[in-house]
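To keep things clear, I will list the structure first and then write my remarks on it.
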Amino acid sequence: MNATILTNVVDALPQFEGYVYPNERTFHPLWSVLIVVYPYITGLVAGAFIMASLVRVFKVKALEPIYRLALLTALAFMLCATLPLLCHLGHPERCFEIMMTPHFSSPMAMFGFVYAWYLMAVLLLELWFDYRRDFVEWSKTETGLRGIIYRAFTLGVTDLSEPALRLDARMGRIISVVGIPSAFLLHGYVGFIFGSIKANPWWGNPLMPIIFILSAVVSGMALCVFAYMVLCWVRRITADMRCLDLMISFLFYAMVLDAAIEGLDWLHRLYSAEEGIEVLKSVASSKLFYTLLIGQACLGTLVPLLLLGTMQLIRKKVADLNRRRVYFSSTVLILIGVLAMRWNVVIGGQLFSKSLRGFMSYKMEFSGHEGWWLSVALIALPFIVLTVFIKFFLAQDLPTLENVVPGATPRTGSHPAQA
Amino acid sequence: MSEHITRRAVLKNLAAMVGGILAMPAARTCKAAVQHGLASSRAPAGYDPFKHKWLMALDVDRCIGCGLCVEACCRENGVPEGHWRTWIERYVITKPKAGSGETRGETMVDSPDGGKEGFTESLVPKEDILKSFFVPKLCNLCEHSPCTQVCPVGATFEAPDGAVLVDKNYCIGCGFCIQACPYGCRFLNPETHTADKCTLCYHRITRGLKPACVEICPSQARIFGDLKNPVPDDPLQRFIANNQVEELKKSLGTGPRVIYAGLDEEVR
């Protein structure tokens, strides 16, 4: 009874203002929260991979402690990247048509290929070449399920001679070099899905793929910092401050670039003031006030920029513990800010009518197939997968694994920010 | 490095490039054949889409907003409740305030229930109305359809006769085409979970009949014809000759095959 009353009250609230095309009068946007989660997860993959590439391609030695963690993070999120899309499709059972009969003029058609390429030819291969030596070593010492898994993952290649190991290292580097443009491609195309829609002035914008790539790099780097700090906290070891400081530096400069390009986008929109700018301004300042101005611009961008920028200037004067606290809170804010950015792009573009005469609203369902619970589960899933990966491939008790978190020293602590 | 570049190697590469270019038409034909086999237009056997070019013309000055076309469309095509393959918009433009220096006042648009039941009298007092008119809307049958361009599987396509169709047995229901349509003509059918839109009553026009909305319009505001097979004293040709014809959202370059006469600048 109460539920019925609540439904009636919700339905009675104004859903539309002004004139919207009759087909736009739906109860929730066509692309709902699942399509917010999808580019968020994909972006985290691309960003985490870029972080790992800094070690391999640009030989940033100080970041070696997080190399494997970054790659495993990218893989865990990559494996879950398609799930929101699949849950959203009207006919998920027909999803393979995208790969069997792709329509090459569609940005979405290339998804299957870019995804398969990135997963199979970049992530899995790079991880395999990197781990092969360890798999061989571990398969000799480990028994039970672990032993079976490691033995299977050697794929029968147990040669640990000097030339074989040299080849592993060389292949790893080549794949990393190929992987960087692939990561840009993976997320640039996600931006192009929105940027290519000229019917929608909120989306149709050549800067969209670039904005998506940059925000992906920012979010992925922040995720690596977050994962590293949480891992150190769980294992009660002190994080390698040299590594952490350097990660934060890269994150800060990526953020500066990202904020500059997003600012340029808005500057251009406001200055050129094309048809529909009044609608866009209205959406930004009222409908998306909390997620765009507060969530994305202030908490997700300005505050972390100020915090991390200050740390760049006075790093040496701040104690390690306080620095870690600032880093941890900044990365959490950045991760939330980028999620807000995805929300603003995806949902914001569906809060006004293409007639440019009216507005729609979005009341997210709590349960249901496009609801709050499913999206939270889909965001949580990659973290669970990552935990399993860490258990198996970054375990502390494995013999040859000095590089789990090298430089880290045992400690006791109780909060990630203190890790 | 330079000693590796030989004439033979250059010629080989050039030959490979030419071979690739020559193979493209064959590849495209294969792709078209596969699409033809997989995507169905449901036209009757014997109908040759290459021998027709359909066009819809709408005379804004003739539309009386009775809503019969909308009702006929819904009945003919079993359009689900709350969705529209065609609809009618009412524009009410008020007089400018005295001394405002404007040419017109506020523009109010509505389309209650898609105009299916007609329109009740406007809330704006008659003496305040500068002008008011009805605009029928439907799929614009774009020559360069943004909707077919973005379909990831080719389930929606432009038929050679100008109709833009969706194969509901092939559509994956991603909604990309609905987002890409600038005119709000597509919707996700809640029964089939696939994209849906006006087909120009393809099941009728391929059998020599007119679309349901054209057939029922009492004021001949909708004119439909075949540009490749004009009839004597063709109403479509007369319409084009006697009117300044326009299309919706021209700046987007979609090339609509639905043309309007008497369109006001406020119509989007």
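Residues in the range B:112-141 that are more than 16 Å from residue B:73 (Cβ to Cβ) and within 11 Å of another protein chain (Cβ to nearest Cβ): B:112 alone.
Collect the residues in the range A:178-201 that are among the hydrophobic types (A, V, I, L, M, F, W, C) and within 11 Å of another protein chain (Cβ to nearest Cβ), keeping them in residue-number order. The answer is A:192, A:193, A:194, A:197, A:199. Picking from residues in the range A:15-65 that are more than 11 Å from chain B (Cβ to nearest Cβ) and part of a loop (DSSP other than H, G, I, E, B), the one that is nearest to residue B:110 (Cα to Cα) is A:15.
Taken together, A:116, A:74, A:121 contain a single residue that is crowded, with 21+ Cβ neighbours inside 10 Å and closer than 27 Å to residue A:50 by Cβ, which is A:74. Quickly run through the range A:146-174 and pick out the residues that are in a loop (DSSP other than H, G, I, E, B) and not small (Gly, Ala, Ser). Selection gives A:154, A:155, A:157, A:158, A:159, A:160.
Taken together, the residues in the range B:245-268 that are away from chain A (no Cβ under 12 Å), of a type outside the set (Ser, Thr, Tyr) and in contact with a strand residue (DSSP E or B) (Cβ under 7 Å, 6 or more places away or on another chain) amount to 10. Residues in the range A:236-252 include at least one that is of a type in the set (D, E, K, R), surrounded by fewer than 17 Cβ atoms within 10 Å (Cβ to Cβ) and not in a helix (DSSP H, G or I). Looking across A:26, A:82, one residue alone is modelled with pLDDT under 95, under 15 Å from the mean Cα position of the chain (by Cα), buried (at least 16 other Cβ atoms within 10 Å of the Cβ) and over 30 Å from residue A:243 (Cβ atoms). It is A:82. Considering (1) more than 13 Å from chain A (Cβ to nearest Cβ); (2) without any contact (Cβ under 8 Å) to a residue 40 or more places away in the chain; (3) surrounded by 17 or more Cβ atoms within 10 Å (Cβ to Cβ), the lone condition that residue B:72 does not fulfil carries the number (2).
Hey, does the range B:93-105 have a residue that's within 30 Å of residue B:216 (Cα to Cα), in a strand (DSSP E or B), modelled with pLDDT of 95 or more and within 14 Å of chain A (Cβ to nearest Cβ)? There is at least one residue in the range B:93-105 that is within 30 Å of residue B:216 (Cα to Cα), in a strand (DSSP E or B), modelled with pLDDT of 95 or more and within 14 Å of chain A (Cβ to nearest Cβ). Looking at (1) surrounded by fewer than 16 Cβ atoms within 10 Å (Cβ to Cβ); (2) within 14 Å of chain A (Cβ to nearest Cβ); (3) among the hydrophobic types (A, V, I, L, M, F, W, C), can you tell me which one residue B:157 breaks? For residue B:157, the exception is condition (1).
Picking from residues in the range A:380-396 that are in a loop (DSSP other than H, G, I, E, B) and touching a residue at least 12 places away in the same chain (Cβ under 8 Å), the one that is nearest to residue A:153 (Cα to Cα) is A:394. For the range B:115-123, the count of residues that are assigned to a loop (DSSP other than H, G, I, E, B), among the basic types (Lys, Arg), surrounded by 14 or more Cβ atoms within 10 Å (Cβ to Cβ) and not assigned by TED's automatic domain parsing to the domain that holds residue B:212 is at least one. Picking from residues in the range B:88-114 that are polar (S, T, N, Q) and surrounded by fewer than 16 Cβ atoms within 10 Å (Cβ to Cβ), the one that is farthest from residue B:257 (Cα to Cα) is B:100. The set of residues in the range A:133-145 that are surrounded by 14 or more Cβ atoms within 10 Å (Cβ to Cβ) and outside any helix (DSSP H, G or I) contains only A:142.
Against the numbered list (1) surrounded by 17 or more Cβ atoms within 10 Å (Cβ to Cβ); (2) not in a helix (DSSP H, G or I), residue A:232 comes up short only at (2). Looking across the range A:93-113, the residues that are facing chain B (nearest Cβ under 8 Å) and of a type outside the set (Val, Ile, Thr) come down to A:94, A:95, A:97, A:102, A:103, A:105, A:106, A:107, A:108, A:109, A:111. Of the residues making up the range B:241-268, just one is among the hydrophobic types (A, V, I, L, M, F, W, C), in contact with an Asp or Glu (Cβ under 9 Å, 6 or more places away or on another chain) and over 28 Å from residue B:103 (Cα atoms), namely B:258. Just one residue in the set A:292, A:288, A:306 is among the hydrophobic types (A, V, I, L, M, F, W, C) and over 16 Å from residue A:348 (Cβ atoms); that residue is A:306. Tell me which residues, restricted to the range B:160-204, are facing another protein chain (nearest Cβ under 9 Å), of a type in the set (Phe, Trp, Tyr) and more than 22 Å from residue A:101 (Cα to Cα). Within the range B:160-204, B:183, B:187 qualify. The residue that is nearest to residue A:20 (Cα to Cα), counting only those in the range A:341-400 that are more than 14 Å from chain B (Cβ to nearest Cβ), modelled with pLDDT under 95 and touching a Ser or Thr at 6+ places or on another chain (Cβ under 6 Å), is A:373.
The values are calculated or read from the model by the stated rules, or taken from the named source; none is laboratory data. Just so you know, these numbers come straight off a predicted model, no measurement behind them. All Cβ positions, glycine included, derive from the backbone under ideal geometry; neighbour counts span all protein chains shown.
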